[in-house]
Amino acid sequence: MKRVLVAPLDWGLGHATRCIPIIRALQARGCTVLLAGSGDSLQLLREEFPSLFYAALPAYQPRYPATGGSMVWAMAQQLPKFLTVIRREHVALERLVREQSVDLVIADNRYGCWSASVPSIFITHQCTILMPRRFGWLASIVARMNRRSIKRFTRCWLPDYPGESSLAGKLVACGESPHDTTHRYIGALSRLSPAVPREKRYDLVCVFSGPEPQRTLLEQVVMAQINHSTLRVLIVRGLPGGRKVPPLETRAEVVDFLASDALQTALESSRCVLARSGFSTVMDLAHVGGNAIFVPTPGQTEQEYLAARLMEKRIAYSVAQQDFHLDTAWQQVSQYSGFAPVGGARGILLDRAIDEALMLS
């Protein structure tokens, strides 16, 4: 029986949620799954899989600009801290591999979670890290650093589809080479299933997520307008583990957090979802289907690119946080097609990649 350690990044909840189908697939093969991580990301997996062993890794705790300033500059200022965390998590990972007799490591965007003694898998949808226009001169340097870091791993899994079916577009471009022997497409990962028809209890489900302070800033922007709206709204605050935060004074229905099954039911019961345009959210909606209003995290080039790409393809409406107006967004969303569920190809690609990884270990 293989012992597999799964370690997602702690920047928001998306890296953890997209590990859920991987964990389920490993358990279906009789593997013993161990968890490692930090913050809300680890807490989410602990609530989803309460019986699994877990270990804490050093936390990145990125600070996002509160004013929507340059995300690149904000991250560059924290680079020494991030590099220290990467070194510390590598030491912690190697210790866990020895102490827990781990056969295989699967790390979602944790660059330090590779092992010299067992096969290690790196999951990312960002082989290409997009730079703002004024920092374009850094693109080639960042690309080389990213490729060098990924090469420490045995395989790189891309949670997307090749070619025209791609959800991430140019973000996964480095996995396109026909001569590449280490990258594997594993299909869009989601803890959700294709939707079943339900009565529409809500007009809008708002899912707030991501690192602070931007999670709270979006919540404040949206809540101020919801309280003057007649829409039937459910607020999912994205706060697992009972974190102490002030309650919301609102006419909307509010929950701090929803596990997979409950979130699935909520989305199936709503006409539309409002959320950040993080890739994990995009993958969730590709599975459950439906209409979306995206509000990218200010200055986060990946989310801005994904939102603009989906808007250009007439799939989902997008608006900048500083320009958000609920009435306008609600009127605009009907002009977009919404997501159509992507079907079952994910299972085939993921199964193939997992079976190969287990044979390597």
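Regarding segment 13-131, what whole-number volume in Å³ per residue does the convex hull of its Cα atoms give? Let's see the in-between values first.
Numbers: hull volume 14.0 nm³, N = 119.
In segment 13-131, the Cα hull volume divided by residue count equals 118 Å³.
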Counting pairs on different chains as well as pairs 8 or more places apart, how many Lys pairs in the chain have Cα atoms under 30 Å apart?
7
With angles folded into 0 to 90 degrees, how steeply does helix 345-360 sit against the dominant principal axis of the chain? Use alpha carbons for both and round to 10.
20 degrees
Would you kindly derive the ³J(HN,Hα) couplings of segment 81-92 from the backbone phi angles with the Karplus curve 6.51 cos²θ - 1.76 cosθ + 1.60 (θ = phi - 60°), listing them in order in whole Hz, with x for Gly and Pro?
5, 4, 5, 5, 4, 4, 5, 5, 6, 5, 4, 5
Collect residues whose amide H, placed 1.01 Å from N in the peptide plane, falls under 5 Å from the amide H of residue 108; neighbours closer than 5 in sequence don't count.
7, 9, 123
Note, ³J(HN,Hα) from phi for segment 102-110, Karplus 6.51, -1.76, 1.60, rounded to Hz, x at Gly and Pro
6, 9, 8, 10, 10, 10, 9, 6, 9
What value, in deg cm²/dmol to 500, does the helix sum -39500 (n - 2.57) over DSSP H runs of n ≥ 4 give at 222 nm once divided by the residues of the chain?
-11000 deg cm²/dmol
Using the per-residue mean of other Cβ atoms lying within 10 Å as a proxy for protection, in what order, highest first, do the peptides 282-295, 93-106, 42-55 fall?
282-295, 93-106, 42-55
Please express the shape of the chain as an equivalent ellipsoid: the semi-axes are the square roots of 5 times the eigenvalues of the C-alpha gyration tensor, given largest first in whole angstrom.
32, 22, 21
Evaluate the distance, in nm, between pseudo-label points positioned 7 Å from the Cα of residue 59 and of residue 1 along their respective Cα→Cβ axes.
3.2 nm
Mean 1/r over distinct Cα pairs of segment 202-333, inverted to a Kirkwood Rh in Å, yields 14.8 Å
Spelling it out for residue 55: with amide H atoms placed in the peptide plane at 1.01 Å from N, the residues 5 or more places away or on another chain with amide H under 5 Å from its amide H are 35, 36, 37
Other-chain or far-sequence residues with amide H under 5 Å of residue 271's (modelled H)
202, 203, 204
Rounded to whole Hz and in sequence order, give me ³J(HN,Hα) for segment 320-329 from the Karplus expression 6.51 cos²θ - 1.76 cosθ + 1.60, θ = phi - 60°, writing x for Gly and Pro.
5, 4, 6, 9, 5, 9, 4, 4, 5, 4
In degrees from 0 to 90, rounded to the nearest 10, what is the angle of the helix 214-226 Cα long axis to the longest principal axis of the chain?
20 degrees
Treat each spin label as a single point 7 Å out from the Cα along the C-beta direction, and report the residue 116 to residue 86 distance in nm.
1.8 nm
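No lab work stands behind these numbers, since they all come straight from the coordinates. Everything numeric here is computed off the predicted structure, so don't read it as measured data. Cβ sites come from the backbone with ideal geometry, for glycine too, and all protein chains shown count toward neighbours.
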